[in-house]
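Accompanying notes for the structure given below.
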Amino acid sequence: MRGLWVGSAMALVASAVAAQQFGGQQDRAFADQLWQIMTDRNLAGDDAVQAFPYAGTDPHGMMLETFYTDATVDGRERALVVKRNYGPEGLTVDEVLGSRDDHLASVTVMFRREEGYAPDTGNWFWAKYLPDGSLDQTPEGMPIAGTAQGCVSCHASAEGDDYLFTTNADLQ
Ligand code: HEC
């Protein structure tokens, strides 16, 4: 009986740990919440506001639009950076402006989470969405949401130690 109890307690601990891993249940739920906020705020989805796209490179896309704002999640207002990535290679500004939906490949997002979320990497939450708001996946089939190593490893080389390439502004 006691063995059983210990066993199930350990299973509980194990599932709690799994939920905290990159791409786990909590990260996916948070990513869904964030997508809802972005569509409500017209930062994503059918009625998304538009900017003049600029030329980008791999891995993000050949044409990019980037928006800097704050969002309130769970009562905390924090920095939110939304990048829309268009392709394929050779795409022109006019093609993006003329038919965005046909060229949008993904929406990549950085959101500054609460202190203690990921102190070693600036507490940034990373997510990569497909145009319909579902999460893109790693080759291993993990949804890309959370402290995504693939994103962090490259953004770690951004000047200013803030994981932001485009700015050194203090986005809290
Ligand atoms: C191989 C390097 C590399 C990888 C991997 C990468 N990025 Fe980026 N990212 C960049 C570069 C370079 C920029 C600046 C591009 C620009 O807008 O001109 C950028 C810009 C961004 C921005 C705008 C804020 C900023 O840093 O200036 C966001 C948001 C972003 N990336 C999210 C992500 C997410 C989410 C992932 C993982 C799914 C990811 N990135 C993976 C190189 C990378």
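Bear in mind that the values in this text are calculations on the coordinates, not laboratory data. Just so it is clear, the structure is predicted and the values come from calculations on it, not from any experiment. Cβ sites come from the backbone with ideal geometry, for glycine too, and all protein chains shown count toward neighbours.
For the chain, a/c is not less than 1.5, where a ≥ b ≥ c are the root eigenvalues of the C-alpha gyration tensor, and a/b tops b/c. That puts it in the prolate class.
Based on other C-beta atoms within 10 Å, arrange Leu97, Leu104 from fewest to most. Please list the in-between numbers first.
Working: Leu97 13, Leu104 20.
Ordered by Cβ neighbours within 10 Å, fewest first: Leu97, Leu104.
The Cα center of segment 42-61 and the Cα center of segment 114-172 differ in position by 17 Å.
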